[in-house]
Amino acid sequence: MSAIIIRNGRVIDPANKRDEVVDLTIIDGRIADKSSIENQKTESIDAKGLIVAPGLIDMHVHLREPGFGHKETIASGAQAAAAGGFTTIVCMPNTLPAADNPATIAWIKDRAAAAASVNVLPTGAISKNIAGEELAPIGSLGQAGVVAITDDGHCVQNHELMRRAVEYARMVGLPVLDHCQDYNLVGKGVVNEGYWSTLLGLPGWPAAGEEAIVMRNILLAELCDHHIHCQHVSAVGSVRLIREAQARGVKISGEVCPHHIALTDEAIQNFDTNYKMNPPLRSKADVDAILEGIADCTLSILCSDHAPHAGFEKEVEFDQAPFGIVGLETELGIFIDQLVHKHHKIDIVRLIEMYTLEPAKLLKLDAGTLSVGAPADVTLIAPDLEWTVRTDQFQSASRNSPFDGWKLKGRAVRTIVGGKTVWKL
Amino acid sequence: MINAGDGAHEHPTQGLLDLYTIREKRSKIDNLHVVIVGDILFSRVARSNIFGLTKLGARVTLVGPSTLVPREFEKLGVTVSNQIDKVLPDADVVNLLRIQHERQRKEYFPGISEYTTLFGLTKERAKLLKPDCLVMHPGPINRGVEIDSEVADGLQSVILDQVTNGLAVRMAVLYLCGGIAA
C-alpha cells in the first residue's frame, strides 16, 4: 500500500462544490479518506499556497500519431500535457490512417498504455476517412472505446449525413463534436475576413462561415434531440446563436481556445505563420463576445486545439502554411492570466470547473473530480506564479507557438496521474 | 530586401513608377483625383498605389464590382464606388487593373462580358473623361475587357510611358538600395 498526503493546499473540487484548505489523501492511486491512513508510511507533498485541483482535462488535442510522428508522438504530446497540468487529454481522429475504425483506436490505446504519461482518450471519426461522404462505423468505434465522434480538422458539409450521424450517435450514447466551417463560404480563406485580410491581400475566412454551421448544428441538435458540441468557437455570431439556443433548451455547447481570447487578427500583419490557425484569429469584437460567453457560461469548456507542426512545415508562405499551433504547455497560464487576473471574467473555481467537471460531464468520463474513490489525478496550481513562456523548453516535439516570451501569471507546478507524479516544476 | 511584388499584398516598384508617371505628366500628385478600376481585392498594384497616392495627397476612388472591392478598403482612406459613370467625369487619372482570371473563382462576377458592360473603359465611356485625364494600366492588358484598344492606344493613354518609366524607376531603386554612394 502506498499513501500520499498533499498537505495544506486549497482543495477546489467543483464536482463536490468543495473549496477549502485541507489535506488530500491518496492511497493506491485513488483519492481516499484521511482516516483510512493509520500509522502508514506516507509520502508528503507540501501544497501550502497552492491550489489542489482535480487533474485537468483538455478535450481537444492533436497527438498526430499514427502517421505524423515528425510533428508529435502520443508520448511527447502526453508529456506536453503533463507539463501543462493535464492528466487527461482527448485526441482528435485526423491521423493517418484516420481514427475511423476500431483497429486504429486499439492502436492508439496500446501506444498510450505503453508510452503516455497521462490518460489519453481517443475520439472517432464521424465519416469514413474524414471525407464527409459516408458514415464511419460509429457503433464499433464506441465499443472500441472512443469518448465522442468528430471529423475535426474537417466538417461534414452534407447536412443529411450529419443528421444521420447525430441520430446514430444518440443511439450509441456518444456526444458529437464539430469543427464548424462551411467550405463554400470559407473557400481558400486563411485569416479572418476584415480589415487585416484586406490590407494584407490574404484570402478571408469570414465569421459567417463558422456561424452558418453553428446554426446547422443547433437545428440538428433539436431535430435529433442529441448533444452537439461546437469546437473552438471564434465568432461573435456563434456565441449569440449558442446562447439563444441554450435558452430554449437545445443540447448545444461550445469550447474556447486561448488564442481566440489572447490575440486578434491584428497579429497576422508580419505574416508569422504561428498566428495561422483554424478558425482564424478574429476581431476585438469577437474576442469581447467570447469573453462574455465565458462569463455567462454560454461557452462552458476550455481547451487548446493543440496542433503541432514541424518547423519546416510552418516556415513557408502564409497561404501555404498548415493551420494550427501547439497549446498544451501555455493554455492554463494564458487562461488564468487573461480570464482571472486581467479581465476578471471568472474566478479560479469556475476556471477549474471548465477544465474538469464540464468536459467530464459532456464526455461522461470517470475523471475531473477529487471524490473519495476517484482515480488520483491531481493538478497543483500556483495561480499567482509569474513565469515566461520558453518554447525551446517545451516537452512537445513541436515549437509552433505565438506565445514565446509571453509573461504569464499562473501555472501548474505538479501533475499527478493515478497517484504518480508525472511532472513537476 | 526589395519587394518585387508579393501575392495580393504589395508591389512597391509598380506603385513608384505609377507615381512617377503621374507627376511627370501632371507635374504634381497633391489634390489630384485618381480612380483605380477593377479587381482591387486580388491586386498588389492597387494596394501599393493606395499607400503612395494617399501619402502624397491624392484623392483616391476605387471602382469595381462589390465582390472585388470590399468596403473595408475605405479604412485605408479611400472612397469605394460601384458606379464608374458617376466617377469618371471627375477623374484626373484613371488606372485600370487587369481582371485576374487565374486568381478568381467564378462566383466573384457573372462573366467577362458583364464586367465590360459595367466597368470596362470602352470607347464610349472614355468620352466621359476630362480631356487632360490620364489613362493608365500596369499591364498586361486584356484588350476589350477592362479597356478598349482604342483607349489603350489613344491620346490620353500613358501606358507606354509607364513601361519606360518602370525601367528607370526600378534601376533607381536598385541603385539606391545597392549601397552605392550617390
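The numbers here are math on the coordinates, done by the rules we state, and not lab data. Note that this is a predicted model, so its numbers are computed, not measured. Every residue, glycine among them, receives a Cβ derived from its backbone with ideal geometry; neighbour counts consider all protein chains shown.
Evaluate E = 1/(1 + (r/R0)^6) for B:Asp90 and A:Gln320, where r is the Cβ-Cβ distance and R0 equals 56 Å; express this FRET efficiency to the nearest 0.05.
Rounded to the nearest 0.05, the efficiency is 0.85.
Just to be sure I understand the model, the point goes 7 Å from the Cα along the line to the Cβ. What's the resulting A:Val21 to B:Glu124 distance in nm?
Going by the 7 Å Cα→Cβ label model, 8.7 nm.
Pick out which of A:His62, A:His154, A:His259 has the largest mean-square fluctuation in a Gaussian network model of chain A, springs linking Cα atoms closer than 10 Å.
Fluctuation is largest for A:His154.
Of the beta bridges DSSP finds with both residues in segment A:1-138, what % are antiparallel, to the nearest 5? Provide the component values of the computation, followed by the final result.
Working: 13 of 28 bridges.
Of those bridges, close to 45 percent are antiparallel.
In what sequence, highest mean first, do A:163-175, B:129-141 appear when ranked by Cβ atoms within 10 angstrom?
Values: A:163-175: 18.9, B:129-141: 17.4.
Per-residue mean Cβ counts within 10 Å order the peptides as A:163-175, B:129-141.
Step through the residues of segment B:19-33 one at a time and calculate ³J(HN,Hα) from phi using the Karplus curve (6.51 cos²θ - 1.76 cosθ + 1.60, θ = phi - 60°), rounding each to whole Hz and writing x for Gly and Pro.
3J(HN,Hα) across segment B:19-33, in whole Hz: 4, 4, 5, 4, 5, 4, 7, 10, 6, 6, 10, 3, 6, 6, 9.
So the label point goes 7 Å from the Cα of A:Arg248 along Cα→C-beta, right? Which residues of segment A:206-234 then have their backbone N under 20 Å from it?
Answer for this model: A:208-231.
With chain B treated as a Gaussian network of Cα nodes joined by springs under 10 Å, which of B:Val93, B:Val145, B:Val37 yields the largest mean-square fluctuation?
B:Val145
Taking beta carbons within 10 Å but only from partner chains, what does the mean come to for residues B:1-9? It would help to have the intermediate numbers written out before the result.
Values: counts 0, 0, 0, 0, 0, 5, 8, 7, 6.
Mean shielding count: 3.
Could you check what % of the DSSP bridge pairs in chain A are antiparallel, to the nearest 5?
Numbers: 30 of 59 bridges.
Counting only bridges with both partners in chain A, antiparallel ones make up about 50 percent.
Rounded, prolate or oblate: which fits segment B:12-176, taking a ≥ b ≥ c as square roots of the Cα gyration tensor eigenvalues, rounded meaning a/c under 1.5, else prolate when a/b beats b/c?
Since a/c stays below 1.5, the shape of segment B:12-176 is classed as rounded.
Can you order the peptides A:115-125, B:78-88 by their average number of other Cβ atoms within 10 Å per residue, highest first? Show your work: numbers first, answer last.
Details: A:115-125: 24.1, B:78-88: 16.2.
Put in order of decreasing packing, that is A:115-125, B:78-88.
Counting alpha carbon pairs within less than 8 Å and at least 6 residues apart, what relative contact order, in whole percent, applies to chain A? It would help to have the intermediate numbers written out before the result.
On the way: 1063 pairs, mean separation 83.5, N = 425.
Reported as a whole number, the value is 20 percent.
How many Cβ atoms of partner chains, on average, are near each residue of A:193-200 if near means within 10 Å of its Cβ? All intermediate terms of the calculation are to be shown ahead of the outcome.
Details: counts 2, 3, 5, 1, 4, 12, 9, 6.
Mean partner shielding for this stretch: 5.
With each label point set 7 Å from Cα along the Cα-Cβ vector, what nm distance links A:Asp296 and B:Leu174?
Using points 7 Å along Cα→Cβ, the separation is 6.2 nm.
Compute the FRET efficiency between A:Asp33 and A:Leu425 as 1/(1 + (r/R0)^6), taking r as their Cβ-Cβ distance and R0 = 30 Å, and round to the nearest 0.05.
So the FRET efficiency works out to roughly 0.55.
Test of understanding: ordering A:Ser401, B:Ser66 by Cβ neighbours within 10 Å, fewest first, what list do you get?
B:Ser66, A:Ser401
Size of the dipole of segment A:323-425 about the Cα centre, Lys and Arg at +1 and Asp and Glu at -1 on the beta carbon, nothing else charged, in debye to 20?
On the way: 13 positive and 12 negative charges, 12 e Å.
The calculation lands at about 60 debye.
Distance between the C-alpha centers of segment B:62-102 and segment A:1-78? Whole Å please.
The distance from the Cα centre of segment B:62-102 to that of segment A:1-78 comes to 61 Å.
Kindly identify segment B:1-105 as rounded, prolate or oblate by the Cα gyration tensor criterion: order the square roots of the eigenvalues as a ≥ b ≥ c, call it rounded if a/c is under 1.5, otherwise compare a/b with b/c, prolate if a/b is larger, else oblate.
oblate
Filter the cross-link list A:Lys71/A:Lys284; B:Lys25/B:Lys55; B:Lys75/B:Lys130; A:Lys34/A:Lys361; A:Lys284/A:Lys342 down to pairs whose alpha-carbon distance in this structure exceeds 22 Å.
A:Lys71/A:Lys284; B:Lys75/B:Lys130; A:Lys34/A:Lys361, as the Cα separations exceed 22 Å there.
Which FRET efficiency, nearest 0.05, do B:Arg143 and A:Tyr195 yield, Cβ-Cβ r, R0 30 Å?
Working: r = 35 Å, r/R0 = 1.16.
For R0 = 30 Å, the calculated efficiency reads 0.30.
Taking only Cα atoms and a 10 Å spring cutoff, compute GNM fluctuations for chain A and point out the largest among A:Thr298, A:Thr379, A:Thr388.
A:Thr388
Spin-label point model (7 Å from Cα, Cβ direction): what's the A:Ala131 to B:Gln156 distance in nm?
The modelled label-to-label distance comes out at 5.6 nm.
Using amide H atoms built in the peptide plane, which far-off residues or other-chain residues are under 5 Å from A:Val190 H to H?
Counting only residues 5 or more places away or on other chains, the set is A:Gly204, A:Trp205.
Quick one: what are the phi-derived ³J(HN,Hα) couplings along segment A:73-87, Karplus 6.51/-1.76/1.60 with θ = phi - 60°, whole Hz, x for glycine and proline?
10, 4, 5, 5, x, 5, 5, 4, 4, 4, 5, x, x, 9, 10
Ordered by packing density, taken as the mean number of other Cβ atoms within 10 Å over each peptide's residues, highest first, how do A:207-220, A:80-93 rank? Don't skip to the answer; put the middle values down first.
Working: A:207-220: 22.0, A:80-93: 28.4.
The most tightly packed comes first, giving A:80-93, A:207-220.
Could you give each residue of segment A:192-207 its phi-based ³J(HN,Hα) in whole Hz, using Karplus coefficients 6.51, -1.76, 1.60 with θ = phi - 60°, and x for Gly or Pro?
Listing the rounded values in order: 3, 6, x, 4, 6, 5, 5, 5, 8, x, 9, x, x, 10, x, 4 Hz.
Around A:Asp182, what is the net charge, scoring Lys/Arg as +1 and Asp/Glu as -1 over all other residues with Cβ under 10 Å from its Cβ?
That sum, taken over residues with Cβ under 10 Å, equals -1.
Rounded to whole Å and ordered largest first, report the semi-axes of the equivalent ellipsoid of chain A derived from its Cα gyration tensor (root of 5λ). Write out the running numbers ahead of the final one.
Working: eigenvalues 217, 118, 88 Å².
They are 33, 24, 21 Å, listed largest first.
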